[in-house]
Amino acid sequence: MRMGTRPLSLLIVLFLFVVIGCSSKDFNTFDQEIFEESVPLLLIPDNPEIVTSVKCPAFVVSENTCTANIAGTEVTFVVEGPDASGQINVVPEFGIIRATDIDQKVKTQLDSDLGVSNQVTCSPNLRVAQSGQTFSCIATDPSGEAHLFMADIQDTQGNFHLRLDTGN
């Protein structure tokens, strides 16, 4: 599942317009430090604490590639600007998979395979959409027995392989 970049880009431009406008005397002054401090909230608004080690080159050209670490995975994003009015556009080059989406897919698969209704909770809250990422899921059957599963992400679309975690 890919994060919609169009609405996110508009939100990011608006947020940065306010941040940069409030932090400088005119729009021709760009404060890269404030920008880099804002990146976690811009990339993952509902979990900014999982974004660490943001690195951007000095903004001397109109388009720059930056990196950030999201939940242990390094990702890139493009920063366009700042333009003459101080606006910046951040374009993520990655998708995000949320645990709630995996919960529902695992539940559907288990309910279909086992013929009973399960309750499923997966964690962590989100992962970068790429092969090799893993969600830990607890499925509780109608009798209250809990089973631990691992959802191994296979691709950037959030397809996964579900396996029973036997503790080995």
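The numbers here are math on the coordinates, done by the rules we state, and not lab data. These figures come from a predicted structure and were not determined experimentally.
When only Cα pairs under 8 Å and 6 or more residues apart are kept, what is the percent relative contact order across region 43-97? Relative contact order for region 43-97 comes out at 25 percent.
Full extension of the segment from Glu74 to Gln130, taken as 0.36 nm per residue of separation minus the current Cα-Cα distance, would add 19.1 nm.
Taking the square roots of 5 times each eigenvalue of the Cα gyration tensor of region 97-161, largest first, gives ellipsoid semi-axes of 21, 11, 9 Å.
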